[in-house]
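As structure tokens, the structure follows; a few thoughts come after it.
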Amino acid sequence: MAKKHIIVDPITRIEGHLRVEAIIDENNTIVDAYTSSTLFRGIETILQGRDPRDAGLLAMRICGVCTGTHYQRSIEAVEDAFDVTIPKNARIVRNLIQGALYVHDHLVHFYHLHALDFVDVVSALSADPKKTSDEAVKWAGVAGTNPFIEGAGQFKEIQDRVAKFVKQGRLGIFGNGYWGNKHYKLTPEQNLIGVAHYLKALDIQRDLAKMQAIFGGKNPHPQSIVVGGVTCVQDIKNPARIALFKTLLKEGTKFIKQAYLPDVYMAGTMYADEATDSSATFTAHKQGKGVGGTGGGLLNYMSYGDFRLDDTGFYKSALLFPGGVVLNGDLTKVYPFDPEKVEEDVTHAWYDADKPQHPYEGTTIPNYTGLEKKKDGMAYLKTDEKYSWIKSPIYDDNRMEVGPLARMIVGVAAGDEKISKYVKKFLKNANLPIEVLFSTIGRTAARAIETELMADTMMEWVDELAANVASGDDSTWQDFEFEVVSKKSRGVGLAEAPRGGLGHWMKIEDGKISNYQAVVPSTWNAAPRDYKGRLGAYEAALIGTKVSDPEQPLEIIRTIHSFDPCIACAVHVVDTKGKELGVYKVDTGCAI
Amino acid sequence: MADRIEAVKKLFTSKSARVETNMGDTHYEKLFHSCQTRIEELKTQTPRENRLDIDDMLELQGVNRRDFMKWASAVTGMLMLPSAFTPLVADAALLMNRAPVIWIELSDCAGNTEAMLRSDGPKVDEILLDIISLEFNETIMAAAGHQAEAQLEDAMETFKDKYLLFVEGAVPMGLNGQFGTIGAEGETMHDHLQRVAKHAAAIVAVGSCATFGGVPAASPNPTDAKGVMDVVNGKPIINIPGCPANPANMVGMIIHYILTGQVPELDSLLRPKFAFGYRIHDNCERRAHFDAGEFVEEWGDEGAKNNFCLYKVGCKGPMTFNNCSIVRYNEGVNWPVGVGRGCIGCSEPDFWDKYAYERPMADANIKAPTGGVEKTVDEFGLGLLTAAGIGIGIHAAASVAAAKKEEGEA
């Protein structure tokens, strides 16, 4: 039997527009994979010529899902350029705004974007509510707690509600899913737990988003961060606001500990065979010797580092998530992260350039070569040439994966106490070896581990903020001489967005932005091949995966979802001014 | 919950806080009868897809009948209808499962989908969003790839000429539309929109990108992005701008559609008057400080600590029409003026080039807009607003001078 070529477009339950093409062999194993972003907006070009103080609001619109994170990085690039150190209150408020994004975003990702890759909604209908209740107690027990939803009665009620929905006619957003696919491995009872938490999480996420709105004004797209600090001085001075924040955080933390973590233990255990199947990996395919499990991929992990814990200033403070690089899954070595070693290559992206370029100096000359229409009516990527709007970032001549898994792995390798504690607790409770992290499931587990860590840490930060304000410090903004510092300078906002390392590079001349570039998490992860033909992180992660039914790309979207794609973020910008007969000129700028 | 509903109702119905939209008794009598007939007709249809039942849902979520009716009366006020319409609005909400919605995403950031998931209460709103028959939405649907495309085809066929099409994101027109493609056949976003729009009952452009081009259309508009109304002809189009749009206005729009079967009364920019008939400035909680000449002069100053007016640090509330000073965001938790930043004019055309900066209009260091969507702006209205802006600028300067003088004299 010949090899099959599968197209999955659109990839749904992600942010943005993404296409995956996979080649499977006669055993339904993926032997090659290509990922392509199919939308391009041009935000960096739009940012050029604007006042740097205004850039953050617009840069935030790179993404409505990781909302607020591009905003803060853009502002911090300006603060780095102007050498402004923000007041303590502003630092903590920003940590809380970003922390709120983490817990909200990770929770929504797991339940509303990812869970349906594990949870078969239709199967939940045949669950026994009593057994479901017992099952919930069991998995909460693994996490050392009680279940969030308890008792057969509650599960019965939810099951009836879903039955009504499923039995009769159309399924709405659940329509045409892969229900019944044999790679759904949960029992009916476990599926019912998943569905019950899916619905409850819709409520919880609304409340978690309110945390961001308390100090940010609204969610999505908060508005209180300005160059020099934050504007929400009256909110931090108001004890009722602090109290509301804590109430919401407590409620959210309860759900994280009593539903989210137990569910990840449950899925991790049920899919442990895949997570430890080292034959179904990129490393097995490439080197003949597998490490980790299905979906493992590159095994190169990088974190820029983020969440400042003191007020010594940018790139000097102690960090919650340390920066660093781990190569080939070797946890015994961690290399320091050096922003000078970041480059972008366009060999397989719809742009022209001679060689890989550092973001400060990068050019973007679009060269869209299109898709190839074939006889079957489908349009295919021209994978020998250029095939994506995403460039290929390279670090020190390596392809890299970024994200929660990279942060946890770098943290453990660097011997960070807090991260090591949370990761070890998880693996001990789940009774799984650390290699399980090098897989699709590992990525999903790392996100859950990080969510708990963040929720616990945020409670410390709220108290720190309240205590600092109570001590009489109500400063929220650091003045600066705009006319002086904006003459000619440059800066970078380097941070960890929920999906991974995020950098905004900015050059400023005569009070205006002269060059703007962002290299974002999904640029790293969703990138096409580079000039040496080396695969991007998604592409590598798909290699070796066994597909149970080529007509239903369940395993493909499960692995892609484990990265939490955010494609609007990743796509580069072009300037099409002066276009003539398909020639597109660009002054500068890449990414997004 | 009840308190909040009361507060919303009060704001929406108090005379000073709204534009005068009274259409006269004859109009409302006629409308009442046509709504009544429509609702009766809808009631006789079984929900085609037998969706979730709102009575069950209300019960499950612990909302009693009394709270529900209070909510209905608040929505009636929000839709600028006389209170006699309240029972009809309640009935319309009960028939939400007869409203098939297809939601497509073009050149966007998914912020509006996220906003919808955050539906800013009262709780009934959230429930209704579970109830509507959301047939297609890439961000949250289970199916992907061919199965997702099949789902879209099926919904378009089943609800031909009956579905409401929500569009999120601008339409990239440059490069023959190839800046954005969707689906295995590589259909451009422009062609995708035209195909799905063809058999829609009406199109709701949600968020500032779909309405006026928004972010991608900001100068120099690299992808020649346009709003839906500049691209689609021959269909009723309703614009719900905002960055992102307020979910309360999305729900209001759907209720209005079920209730009347018609497009609500729109302003010259195709925005429903029930949501965009309010100027932020007129209903602002900091308005008294504006009138008293008390301004925040720089971030974090004494004025900021005392909730003074944000005009001088760039608030564009005086130029912006939207109901966020009333509805606020995330169940009323806060809003941009509340958090001390001010309004950036996000529901107005070209706001990225005209309004979104932290200085008042007079001190703007802005990039001049080029090409793109400004031709769709109601020039007369814009001119008037800018004039009002300058007038306000003078007031702001004069009031400070006066205040200083008083201090000097004291």
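Footprinting exposure proxy ranking of A:S317, A:S522, A:S303, fewest other C-beta atoms within 10 angstrom first, gives A:S317, A:S303, A:S522.
Which net charge results for the neighbourhood of B:H190, defined as the other residues with beta-carbon distances under 12 angstrom from its beta-carbon, given Lys and Arg at +1 and Asp and Glu at -1?
Residues near B:H190 contribute -2 overall.
Segment B:290-345 and segment A:115-141 have Cα centres lying 47 Å from one another.
Sorting A:L453, A:L208, A:L331 from the fewest to the most surrounding beta carbons within 10 angstrom yields A:L331, A:L453, A:L208.
Report relative contact order for chain A in percent, whole number only (criteria: Cα-Cα under 8 Å, sequence separation at least 6).
With pairs under 8 Å counted, the relative contact order is 25 percent.
Note on B:K235: aspartates and glutamates with a C-alpha under 15 Å away, same-chain residues under 8 apart excluded, are B:D161.
Only lysines eight or more places from B:K312 in sequence, or on another chain, were considered; those with a Cα closer than 26 Å are A:K88, A:K218, A:K237, A:K487, A:K512, B:K354, B:K367, B:K404, B:K405. Label positions at A:K138 and A:T369, each projected 7 Å from the Cα along the C-beta direction, are separated by 5.4 nm. Take the Cβ-Cβ distance between B:T158 and A:A467 as r, set R0 to 60 Å, and report the resulting FRET efficiency rounded to the nearest 0.05. With R0 = 60 Å, the Cβ-Cβ based efficiency is 0.55. Across the cross-link table entries B:K30/B:K273; A:K333/A:K507; A:K341/A:K374; A:K182/A:K210; B:K30/B:K70; B:K43/B:K226, which are compared at the Cα atoms, the separations over 30 Å belong to A:K333/A:K507; A:K341/A:K374; A:K182/A:K210; B:K43/B:K226.
Other protein chain C-beta atoms within 10 Å of residue C-beta, averaged over A:111-121: 1. Among residues other than B:A144 with Cβ under 11 Å from its Cβ, the summed charge is -1 (Lys and Arg +1, Asp and Glu -1). The distance linking segment B:72-123 with segment A:54-84 is 32 Å (Cα centroid to Cα centroid, whole angstrom).
A protection proxy built from the mean count of other Cβ atoms within 10 Å ranks the segments A:492-501, A:138-147, most packed first, as A:492-501, A:138-147. Computed from backbone phi with θ = phi - 60° and the Karplus coefficients 6.51, -1.76 and 1.60, the 3J(HN,Hα) list for segment B:284-301 is 6, 5, 9, 4, 4, 5, 4, 5, 7, x, 9, 10, 6, 9, 8, 3, x, 7 Hz; x is used for glycine and proline.
Counting only residues at least eight positions apart within a chain, or on another chain, the aspartates and glutamates with an alpha carbon under 15 Å from that of B:K162 are B:E41, B:E49, B:E135, B:E153, B:D154. Descending by average beta-carbon neighbour count within 10 Å, the peptides A:209-221, B:256-268, A:371-383 line up as A:209-221, B:256-268, A:371-383, the highest first. Averaged over the residues of peptide A:200-208, the number of Cβ atoms from other protein chains lying within 10 Å of each residue's Cβ is 3. Taking only the Cα atoms of segment A:219-367, the radius of gyration and Dmax are 22.2, 61 Å. Normalised Debye scattering of segment A:414-505 at q = 0.22 Å⁻¹ gives log10 I(q)/I(0) of -1.16, counting only Cα atoms as equal scatterers and leaving out solvent.
Determine the sum of side-chain charges near B:C309: Lys and Arg each +1, Asp and Glu each -1, restricted to other residues whose C-beta is under 12 angstrom from that of B:C309. Combined, the nearby Lys, Arg, Asp and Glu give -1.
Relative contact order for segment B:144-229: what is it in percent, counting Cα pairs under 8 Å that are at least 6 residues apart?
Values: 141 pairs, mean separation 30.0, N = 86.
For segment B:144-229, the relative contact order is 35 percent.
Taking amide H positions as modeled 1.01 Å from N, with prolines and chain starts lacking one, the residues under 5 Å from A:D352 and 5 or more places away or on another chain are A:I365, A:N367. Projected onto its three principal axes, the C-alpha set of the protein assembly as shown covers 83, 71, 63 Å, listed from the longest axis down.
Partner shielding of A:62-70 amounts to 4, given as the average count of beta-carbon atoms from other chains within 10 Å of each residue beta-carbon. Altogether, the Stokes-Einstein calculation at 10 °C and 1.306 mPa s, with the Kirkwood radius of chain A over Cα pairs as Rh, returns a diffusion coefficient of 65 µm²/s.
No lab work stands behind these numbers, since they all come straight from the coordinates. The structure displayed is predicted, hence computed values, not measured ones. Cβ atoms come from the backbone with ideal geometry, glycine included; neighbour counts cover every protein chain shown.
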